[in-house]
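Worksheet: one structure, shown below.
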Protein chains: 2
Amino acid sequence: MVSGMVEVLGLIAGFFTTVAFIPQALKSWKSKSSKDMSWGWIILVTIGVFLWLVYGILANDVPVIAANFFTELFALSVLFAKLKFG
Amino acid sequence: MVSGMVEVLGLIAGFFTTVAFIPQALKSWKSKSSKDMSWGWIILVTIGVFLWLVYGILANDVPVIAANFFTELFALSVLFAKLKFG
């Protein structure tokens, strides 16, 4: 558990890496194309973000939990777009 | 600072989210195309991963530092591919 300013920085970092997936998910679903997206990338990210979420819970790290919970939702949306459109 | 098994889990999580960027960077540079990749995604990820790295250093969190140092290198490679190929 970290506190104060450091935790705020973690929350800001998490805001960036989480929000990043929103324009990507919107683009994939709107353009109905994600061929430039690597299967390896999206599969490894989906697994990895889930593991970060478990890590955050076990390490009692609020920024890591918050960021990875929402990132996982958006990553799954990008994964489903890739499954649907290739 | 977390210890033992939890830290190992964090290192595994970091391994996944970091290694994920390797197939993406290779694909972008090989295919010379990253039009399906959102500008918003790559810019926000590059900024966010840098902030995670600073957070990891300040929070003395080894898995967060290790993962984000290498992820930043690979994210920059994907960003440069996007700048070059669009």
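Quick notes on this one:
- Some residue of the stretch A:14-27 being within 7 Å of chain B (Cβ to nearest Cβ) and of a type in the set (Phe, Trp, Tyr): yes
- Of residues in the stretch B:18-43 being touching a Leu at 6+ places or on another chain (Cβ under 7 Å) and in a helix (DSSP H, G or I), the one surrounded by the most Cβ atoms within 10 Å (Cβ to Cβ): B:Ile42
- All positions within the stretch B:36-50 that are facing chain A (nearest Cβ under 7 Å) and of a type in the set (A, V, I, L, M, F, W, C): B:Met37, B:Trp41, B:Leu44, B:Val45, B:Ile47, B:Val49
- Pairs meeting the criteria (first residue in the stretch A:15-39 and among the hydrophobic types (A, V, I, L, M, F, W, C), second residue assigned to a loop (DSSP other than H, G, I, E, B), beta carbons under 6 Å, at least 6 apart or on different chains) are A:Met37/B:Asp36.
- Selection of the stretch B:42-67 for residues being in contact with a Phe, Trp or Tyr (Cβ under 7 Å, 6 or more places away or on another chain) and at pLDDT 95 or above yields B:Leu44, B:Ile47, B:Gly48, B:Leu51, B:Leu53.
- Checked against (1) surrounded by fewer than 19 Cβ atoms within 10 Å (Cβ to Cβ); (2) facing chain A (nearest Cβ under 7 Å); (3) among the hydroxyl-bearing types (Ser, Thr, Tyr), B:Ser3 passes all but condition (2).
The values are calculated or read from the model by the stated rules, or taken from the named source; none is laboratory data. Since the structure is predicted, the reported quantities are computational estimates derived from the model, not experimental observations. Here the Cβ is made from the backbone with ideal geometry for all residues, glycine too, and neighbour counts use every protein chain on show.
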